[in-house]
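Each reported figure results from applying straightforward, stated rules to the coordinates on display, with no laboratory input. Bear in mind that the values here come from a model prediction, so they are computed numbers and not experimental data. All Cβ positions, even for glycine, are placed from backbone atoms using ideal geometry, and neighbour counts span all protein chains on display.
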């Protein structure tokens with residue numbers, strides 16, 4: 001098991017290096033001058049030149065890259081061009097926010113998606129199955145931003161049940177923190193729930209027709225036990241893979257959801273940083289996200305091994 | 001529970017929540033402020049925060065007259081080369097450092113010499129500072145500078161604590177220390193900026209909130225939703241398209257003021273090779289474009305009539321607007337005639353770059369269809385703002401839909417755009433006569449002389465038209481109906497003096 005994890009970690013290193021090079025160079029290809037974007041209406045040539053020097057924007061790009069990666073290795077991701085705050089501090093502030101959003105969204109997705117998938121697989125071909133599929137498809141097709149704005153108008157403005165937007169840290173007021181995040185997590189979760197439901201359904205269907213399920217039924221087990229203990233457990237592997245892959249989608253979806261609900265998370269940080277050409281921030285975020293994504297996949301791999309005894313022997 | 005008990009409980013609950021809320025004012029801003037250092041900052045929303053955080057030497061009235069703030073009185077010498085100011089003796093900075101002439105001298109020095117200072121050009125006329133007494137100071141100027149007072153009414157005149165600035169250096173903006181009615185409490189980037197009341201403020205009685213929280217909420221619909229749901233007390237820059245919805249809501253009051261800025265189409269006249277085309281070379285084409293558009297119709301269609309149509313760098317209600325050149329009526333025939341005269345009777349193409357956001361795109365589509373009727377075929381190139389700005393500055397454009405947020409002194413709306421050496425003259429328009437007139441207006445402290453110069457310059461610019469002005473934005477604030485005492489200012493700032501939140 002340990003050697004398995006180590007092997008995966010070794011593979012991860014070149015991936016991270018490649019990503020860092022990509023982010024760095026792609027960003028430099030973006031049109032627009034960060035210093036000019038930053039200057040806004042006040043363009044004093046002297047100050048612009050000073051800032052270019054300060055942030056080493058006049059250096060050749062490879063030199064800039066190595067300076068950055070060298071600092072990054074020592075834990076220094078630079079400072080934001082816009083607010084002067086250290087990038088690491090910004091990420092430290094924003095990461096918990098997005099993790100909370102992602103976790104709550106994932107809970108929504110799993111609570112809705114998995115039972116719905118099992119249900120529609122078991123009731124395959126019935127009206128329930130069709131209804132579940134239509135709902136799932138609408139969940140996939142409704143754009144996040146539309147659903148978000150509709151929910152705000154209905155739940156907050158009309159019924160005044162939940163706050164319209166914003167964020168309260170968990171440490172400050174746990175109940176309010178969760179309340180504020182209910183709507184965005186729901187919006188983010190629904191799209192994933194739909195994907196999850198579709199996959200659970202097909203995984204369940206393929207398992208349900210297998211021999212051991214027939215055997216389980218033949219030996220007279222209660223249907224509930226057949227489904228949950230025999231079928232579902234074996235259908236879990238593809239679902240876990242998907243959940244890990246969905247993590248990436250979750251972060252991407254969070255970008256939009258955070259914009260709508262004005263949640264000061266990772267997504268909002270990266271969007272604002274891109275528009276302001278705040279290079280250091282964009283690079284820092286992408287690097288951290290890439291590492292996070294690789295880590296999630298590693299976790300998923302470990303989870304398979306735990307779920308599937310056959311993999312343990314390999 | 002009996003009905004009485006329930007009513008009582010509800011009343012108590014209501015009272016406590018209201019009591020708690022009344023102390024905090026929550027303001028939704030359109031975007032997040034940048035670094036909170038008056039010498040380094042660049043954003044409009046940053047200035048809104050400073051209005052409560054950092055007092056300035058002088059302030060303005062809604063009619064743009066200069067009034068005392070930290071300076072109690074001032075006078076210019078005969079030749080306009082010396083400005084003497086008397087200062088308040090009862091003001092202190094948030095860290096306890098006393099406010100005095102030494103502090104002002106240190107501030108001017110910081111604005112002029114801090115490497116990252118954005119205030120250098122604003123204070124470039126000051127060549128020397130002489131402390132005359134504990135609360136009296138004199139500025140020596142290279143030349144008479146009529147714009148100086150207006151600069152001192154904005155960020156260049158904001159006083160930061162010299163002790164704190166010295167200690168923090170470039171990082172001052174992470175925890176700013178000024179002398180305004182509210183002091184910095186905390187900031188979470190993209191989430192909130194919280195200020196708390198400064199007990200030792202000389203006019204502390206005039207401010208009625210214990211804390212003020214600024215929340216950046218970029219989406220206009222969400223901003224309004226937050227106000228309607230009671231999550232914030234006021235919002236700035238309500239979208240003109242949401243005006244009807246806000247006005248229909250009994251719980252909301254709407255206030256507005258025509259801004260100091262303008263929006264228009266800047267035409268590349270001589271900025272690199274791209275300026276060398278019929279549009280850059282022949283003023284008749286630019287005049288034709290101006291005649292082809294119906295400015296009032298644009299205002300009605302795109303902005304629900306909430307903004308102000310315009311044809312000058314100053315809005316029609318400004319004291320600096322030249323009434324000799326009124327907003328022209330649309331005249332398609334005249335536009336066609338001008339095109340024909342310039343040799344383009346069969347029409348001509350024009351490529352306009354536009355920021356890729358909703359309003360500028362809508363605006364240009366309306367202009368596009370109006371211009372088409374006169375034979376001008378506009379193609380719209382939409383660019384993300386940072387790119388648009390870079391291309392415009394580099395001269396890589398034919399025409400650009402861009403505006404200016406506006407300055408209190410008229411000079412700020414015209415000099416740097418229309419003079420040969422102007423820092424933001426992206427059109428690269430150059431006319432010695434205009435240079436001379438605008439320089440003259442900059443140096444004279446006599447209002448009539450200035451107005452005459454601007455009118456004379458307008459006569460030339462209206463003919464040569466390097467910028468086709470279209471409209472002036474209106475600041476629209478929406479407030480909870482329980483808020484009283486808010487005064488709209490054309491600079492778009494939110495001044496909290498006298499503002500109160502009524503309970504219930």
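Remark: spin-label model distance residue B:166-residue B:481 equals 5.4 nm, labels positioned 7 Å along the Cα→Cβ axis. Put simply, when A:248-260, B:406-418, B:321-333 are sorted by average Cβ atoms within 10 angstrom per residue, most first, you get B:406-418, A:248-260, B:321-333.
The order of A:9, A:196, going from fewest to most other C-beta atoms within 10 Å of their C-beta, is A:9, A:196. Working from label points 7 Å from Cα in the Cα-to-Cβ sense, the residue B:421 to residue A:245 distance is 6.4 nm. From the largest down, segment A:27-184 spans 70, 36, 31 angstrom on the principal axes of its Cα atoms. Within chain A, the proportion of C-alpha pairs whose separation exceeds 27 Å stands at 56%. Rounded is the label for segment B:55-164, because the ratio a/c of its alpha-carbon gyration tensor axes (a ≥ b ≥ c) stays below 1.5.
Beta bridges per DSSP, both residues in the protein assembly as shown: antiparallel share near 75 percent.
Three semi-axes describe the equivalent ellipsoid of the protein assembly as shown; taken as square roots of 5 times the Cα gyration tensor eigenvalues and ordered largest first, they are 53, 33, 29 Å.
Taken residue by residue and averaged, Cβ atoms of other chains lying within 10 Å of the Cβ of B:224-235 number 5.
On alpha carbon coordinates alone, what is the Rg over Rh value for segment B:262-472, Rh being the Kirkwood radius?
Radius of gyration relative to Kirkwood radius: 0.94.
Legend: calculated FRET efficiency, residue A:5 to residue A:307, from the Cβ-Cβ distance at R0 = 22 Å, rounded to 0.05, equals 0.85.
Give the peptides A:100-113, B:214-227, B:236-249 in descending order of average Cβ contacts within 10 Å, highest first. Walk me through the numbers before you get to the answer.
On the way: A:100-113: 20.4, B:214-227: 23.3, B:236-249: 17.6.
Peptide ranking by packing, descending: B:214-227, A:100-113, B:236-249.
As a length-normalised measure over Cα pairs under 8 Å and 6 or more apart, the relative contact order of segment A:45-165 settles at 7 percent. Structure remark: mean-square fluctuation, Gaussian network model of chain A, C-alpha springs under 10 Å; the largest value among A:98, A:195, A:74 belongs to A:74.
Here chain B carries DSSP beta bridges of which approximately 75% are antiparallel, counting only pairs with both residues inside. Taking a ≥ b ≥ c as the square roots of the eigenvalues of the Cα gyration tensor, segment B:159-234 is oblate, since a/c reaches 1.5 or more and a/b is not larger than b/c.
Compared with the direct C-alpha span, the chain from residue A:233 to residue A:63 gains 56.0 nm at full extension, assuming 0.36 nm per residue.
Mean per-residue shielding of peptide B:111-119 is 3, counting Cβ atoms of other chains within 10 Å of each Cβ. Efficiency by 1/(1 + (r/R0)^6): what FRET value for residue B:377 and residue A:159, r their Cβ-Cβ distance, R0 = 56 Å, to the nearest 0.05? The value I calculate is 0.65. Anisotropy class assigned to chain B is oblate, per the alpha carbon gyration tensor with a/c at or over the 1.5 cut-off and a/b no larger than b/c.
Between residue A:12 and residue B:296, the modelled labels are 6.8 nm apart [label points 7 Å from Cα along Cα→Cβ]. Within segment B:126-177, the ratio Rg/Rh, alpha carbon atoms throughout and Rh by Kirkwood, equals 1.04. Residues B:252, A:99, B:494 in ascending order of nearby Cβ atoms (within 10 Å, fewest first): A:99, B:252, B:494. Under 8 Å for C-alpha pairs, at least 6 residues apart: give me the relative contact order for chain B, rounded to a whole percent. The normalised contact order for chain B reaches 19 percent.
A Gaussian network model of chain A, with springs between Cα atoms under 10 Å, assigns the largest mean-square fluctuation among A:292, A:78, A:32 to A:32.
At an R0 of 56 angstrom, the distance between the Cβ atoms of residue B:248 and residue B:464 translates into a FRET efficiency of 0.80. Within segment B:170-205, whose backbone N sits under 15 Å from a point 7 Å along Cα→Cβ of residue B:90? Of the residues in segment B:170-205, B:181, B:199-205 have backbone N under 15 Å from the label point off residue B:90. The relative contact order of segment B:197-321 comes to 17 percent, based on Cα pairs under 8 Å that sit 6 or more residues apart. Helix content alone sets the calculated 222 nm mean residue ellipticity of the protein assembly as shown: runs of n ≥ 4 DSSP H residues at -39500 (n - 2.57) each, divided across all residues, give -15500 deg cm²/dmol. By other beta-carbon atoms within 10 Å, ranking A:225, B:56 with the fewest at the front produces A:225, B:56.
Averaged over the residues of peptide B:27-35, the number of Cβ atoms from other protein chains lying within 10 Å of each residue's Cβ is 3.
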